[in-house]
Amino acid sequence: MLCLANKKEIRLAKTIYYTAVSLDGFIAGPNNAMDWLHTKRANNDHPFNYESFINRVGALCMGAATYRWIVDHHEGANREWIYDQPSWVFTHHPPTGETDPKLKFTQAQVAEVHTKMRQAAVDKDIWIVGGGDLAGQFYDVGLLDEIIVNVAACTLGGGSPLLPRRAELELKQVFHDLDFIVAQYLVK
């Protein structure tokens, strides 16, 4: 969203669910399998490629399953947290021994955490990294502005759904990207 201030365009920060999904609507296969995603090719020649997107993000959040998948599959030096942005993990069972100051584990309601995320993000976007139910919780309280979905050329036959609730969306833009169709939806 844009607004004019002193005849300058200013982009308003948004809360965005940016994810990949199979053609049959799953963000992860049975047992949270993500191997299907790593077999897909992208040329990233569109405004919603990952590099452009992550540069707009000032804070992010995820559910416990997404956090666990990232930790289990991250191969960085010293297994450091992969994101530079402040990150919130919604979980009922925070891990012990986690000391990275960018990571915050919470059992709070999304509206309360959203306020903290908005402060941390300053004028940048908030990214809901993974978890269709978590994105749905933001939707339920009117705090989800956009969904950007990378639809992969495959089906999974089951798993974790993209957004397990009814939502009113408006298709804004679509791009074709090798093995993906990238679609931007505005939340009504």
| task | Kindly provide the set of residues from segment 2-32 that are touching a strand residue (DSSP E or B) at 6+ places or on another chain (Cβ under 7 Å), modelled with pLDDT under 85 and open to solvent by 80 Å² or more (accessible area, probe 1.4 Å), ordered by number. | result | Leu2, Glu9, Arg11
| Taking segment 146-165 as the search range and keeping residues that are in a loop (DSSP other than H, G, I, E, B) and out of contact with any helix residue (DSSP H, G or I) (no Cβ under 9 Å at 6 or more places or on another chain), which one is most open to solvent (accessible area, probe 1.4 Å)? | Thr155
| query | Within segment 130-142, which residues are in a loop (DSSP other than H, G, I, E, B) and buried (at least 21 other Cβ atoms within 10 Å of the Cβ)? | reply | Gly130, Gly131
| task | Looking only at segment 90-105, decide whether some residue is open to solvent by 60 Å² or more (accessible area, probe 1.4 Å), over 18 Å from the mean Cα position of the chain (by Cα) and touching a residue at least 60 places away in the same chain (Cβ under 8 Å). | result | no
| query | Looking only at segment 33-67, which residues are within 21 Å of Val110 (Cβ to Cβ), open to solvent by 20 Å² or more (accessible area, probe 1.4 Å) and in a helix (DSSP H, G or I)? | reply | Ala64, Ala65, Thr66
| remark: If we keep only residues of segment 168-188 that are open to solvent by less than 30 Å² (accessible area, probe 1.4 Å) and more than 13 Å from Leu23 (Cβ to Cβ), then the residue modelled with the lowest pLDDT is Asp177
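The values are calculated or read from the model by the stated rules, or taken from the named source; none is laboratory data. Just so it is clear, the structure is predicted and the values come from calculations on it, not from any experiment. Cβ atoms come from the backbone with ideal geometry, glycine included; neighbour counts cover every protein chain shown. Heads up: the accessible areas ignore ligands, DNA and RNA and are worked out on the full protein's heavy atoms, side chains in. Shrake-Rupley method; radii C 1.70, N 1.55, O 1.52, S 1.80 Å.
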